[in-house]
Amino acid sequence: MLPVPRTAIIVVAAGSGTRLSGGAPKAFVGIDSRSILRHALDGVFAAAPAQVVVVAPAGFEGDAESELLAAAADRAELGRVVTGGGTRQESVAAGLAALWGDVEVVLVHDAARALTPPAVIDAIAGAVTRESGVIPTLPVVDTLKRVTDREVLTAVDRSELAAAQTPQGFPRALLEAAYASARESGIEYTDDAALFAAAGHVVTRIDGSERGFKITTPSDLERARLLLGRRDAVVTPAITGPAVPLPLVGLGTDAHAFGGEGVLWLAGLEWPGEQPLSGHSDGDAVAHAIVDALLGAAGLGDIGEHFGTSHPEYAGAHADVFLARTREILTEAGYAIGNVSVQFQANRPRFSSRRAEAQQSLSTALGGAPVSVTATTTDGLGFPGRGEGVAVTAVALIHRI
Ligand code: CTP
Ligand code: MG
């Protein structure tokens, strides 16, 4: 059993959202695949454990319950839904009536401030004292004027002003008493801090967050959507994968010794008069290196797994068969080939006169992806230099379809 939290968060979500005109009570309008209320509750449950009271519009208690259960995950026992009233103040009062006995600190939060960072919620909860409330504020950036319908009267000194956000935090006993007085007086206050201050108590401030803005109009909803989109775009690829998928690179090498009977097959071409290479299939080390580079880029195993001796159907097969099948394997896994670059090391055959032909044949087998072939000798060094065989390195770039 978790200890009973000393803090409660009342999430007021009972408004109709007249200015948003979203076709449903504002809390149930979607920002992305999640509603305004769900985003607000995701933030609340990411903060330190607290009792969570969701104040829902009459008739929407079940919908609010579903959102609460989804956001709470394994902490559902902390949450409950109550029905709101005709004004925000009445809705908060309904939330207050549902608090657990052990709760000492109460935060009142607008569901409409759906993207409020959990750190602001924690900071407010931590700044409430026995006697004072606390609210998050932002500096006012616009120049302010006192006006009538038509006329600009005077400038207002904005250094004395701040924009108030939620959650607003209070010591429970004083907030309940202040609400009781407000009910008696019949006065509607603009926010909980005003109601609390009217009862003679101190309210302090901490810095709010730009993300804590209230979704009021369609353009606010648009802003929330943009903010969520941008957040996805800046997460590091290592954690969740980039928003725009990066291409994937793969490396393949192969070596074959000269030997055996017949004709040389290399880079998908037949080379009459050249010494053949030995190996399962035709020994085309260029094609084999490309296959490994492509499979490696996609993380789909290697040539031995797909075409090795346990696949006798490929014995004696040429490059076009290997490459076409490799492309098929990649396509089935959702990848397209960007390009392939392959380098061949050997004294023979001489590649330069047939480079274009080799590139064309390899590219055709890969469905038209560009393939470049370079060739070098090794200055007499190693097995290629001694004329014992060929060594090939290939690099392939692929991307998700
Ligand atoms: N709220 C509430 N009960 C009400 C009125 C408002 O719980 N009777 C809540 C809203 O759901 C919102 C917060 O108080 O989360 C701030 O109110 P506001 O932004 O004005 O929302 P609405 O009243 O829904 O919007 P509008 O004024 O455009 O109708
Ligand atoms: Mg309203």
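The values are calculated or read from the model by the stated rules, or taken from the named source; none is laboratory data. Keep in mind the model is a prediction, meaning the values are calculated, not measured. Because the Cβ atoms are built from the backbone with ideal geometry, glycine has one as well, and the counts that use them run over all protein chains shown.
Could you go through region 161-179 and let me know if any residue there is surrounded by 16 or more Cβ atoms within 10 Å (Cβ to Cβ) and among the basic types (Lys, Arg).
Yes.
For the subset of region 88-104 comprising residues that are hydrophobic (A, V, I, L, M, F, W, C) and within 9 Å of ligand 1 (Cβ to nearest atom), which member is farthest from ALA182 (Cα to Cα)?
This residue is ALA94.
Could you list, in sequence order, all residues of region 1-40 that are assigned to a loop (DSSP other than H, G, I, E, B), closer than 27 Å to GLY229 by Cβ and more than 14 Å from ligand 1 (Cβ to nearest atom)?
ASP32, SER33, ARG34 - these are the residues of region 1-40 that are assigned to a loop (DSSP other than H, G, I, E, B), closer than 27 Å to GLY229 by Cβ and more than 14 Å from ligand 1 (Cβ to nearest atom).
Of GLY279, GLY304, GLY299, which residue is in the same structural domain as THR253 (by TED's automatic domain parsing) and within 15 Å of LEU397 (Cα to Cα)?
After ruling out the rest, the residue left standing is GLY299.
In this structure, does LEU107 turn out to be of a type outside the set (Lys, Arg), under 28 Å from ALA180 (Cβ atoms) and more than 16 Å from ligand 2 (Cβ to nearest atom)?
Judged against the criteria, LEU107 is a match.
Please specify each residue of region 297-311 satisfying the condition of being surrounded by 12 or more Cβ atoms within 10 Å (Cβ to Cβ) and small (Gly, Ala, Ser).
If the condition is that a residue be surrounded by 12 or more Cβ atoms within 10 Å (Cβ to Cβ) and small (Gly, Ala, Ser), then ALA297, ALA298, GLY301, GLY304, GLY308 are the ones that fit.
Answer yes if at least one residue in region 42-49 is within 12 Å of ligand 1 (Cβ to nearest atom) and surrounded by 24 or more Cβ atoms within 10 Å (Cβ to Cβ), and no otherwise.
no
Mind checking which residues of region 61-94 are within 16 Å of ligand 2 (Cβ to nearest atom) and touching a residue at least 24 places away in the same chain (Cβ under 8 Å)?
Within region 61-94, GLY84, GLY85, THR87, ARG88, GLN89, SER91, VAL92, ALA93, ALA94 qualify.
Look through ALA111, ALA93, ALA97 and report the one residue that is more than 36 Å from the chain's Cα centre (by Cα) and within 16 Å of GLU61 (Cβ to Cβ).
Being more than 36 Å from the chain's Cα centre (by Cα) and within 16 Å of GLU61 (Cβ to Cβ) holds for just one of ALA111, ALA93, ALA97, which is ALA97.
Go through region 12-27 and report how many residues are touching a residue at least 12 places away in the same chain (Cβ under 8 Å) and more than 9 Å from ligand 2 (Cβ to nearest atom).
The number of residues fulfilling the criteria is 8.
May I ask you to verify whether GLY85 is surrounded by fewer than 23 Cβ atoms within 10 Å (Cβ to Cβ), over 22 Å from PRO218 (Cα atoms) and near ligand 1 (Cβ under 8 Å from one of its atoms)?
yes
Within region 32-42, identify whether any single residue is farther than 22 Å from ASP74 by Cβ and either more than 16 Å from ligand 2 (Cβ to nearest atom) or not β-branched (Val, Ile, Thr) (or both), and answer yes or no.
Yes, region 32-42 contains a residue that is farther than 22 Å from ASP74 by Cβ and either more than 16 Å from ligand 2 (Cβ to nearest atom) or not β-branched (Val, Ile, Thr) (or both).
Considering only residues of region 355-366 that are in contact (Cβ under 8 Å) with a residue 40 or more places away in the chain and surrounded by fewer than 18 Cβ atoms within 10 Å (Cβ to Cβ), which is farthest from GLU274 (Cα to Cα)?
The extreme case among them is THR364.
Can you confirm whether VAL44 is over 28 Å from the mean Cα position of the chain (by Cα) and at negative phi?
So VAL44 fails the test.
Identify the single condition in (1) surrounded by fewer than 16 Cβ atoms within 10 Å (Cβ to Cβ); (2) in a loop (DSSP other than H, G, I, E, B); (3) modelled with pLDDT of 95 or more that ILE206 does not satisfy, given that it satisfies every other one.
(2)
Would you confirm whether any residue within region 315-331 is loosely packed, with under 15 Cβ neighbours inside 10 Å, touching a residue at least 24 places away in the same chain (Cβ under 8 Å) and among the hydrophobic types (A, V, I, L, M, F, W, C)?
Looking for residues that are loosely packed, with under 15 Cβ neighbours inside 10 Å, touching a residue at least 24 places away in the same chain (Cβ under 8 Å) and among the hydrophobic types (A, V, I, L, M, F, W, C), one finds at least one in region 315-331, hence yes.
For a quick check of your reading: which helices (runs of 4 or more DSSP H) sit entirely within region 241-352 and have at least 3 residues that are closer than 30 Å to ASP379 by Cβ?
So the answer is 285-298.
Restricting to region 370-395, what's the tally of residues that are over 15 Å from ALA267 (Cα atoms) and either of a type in the set (Asp, Glu) or in a strand (DSSP E or B) (or both)?
2
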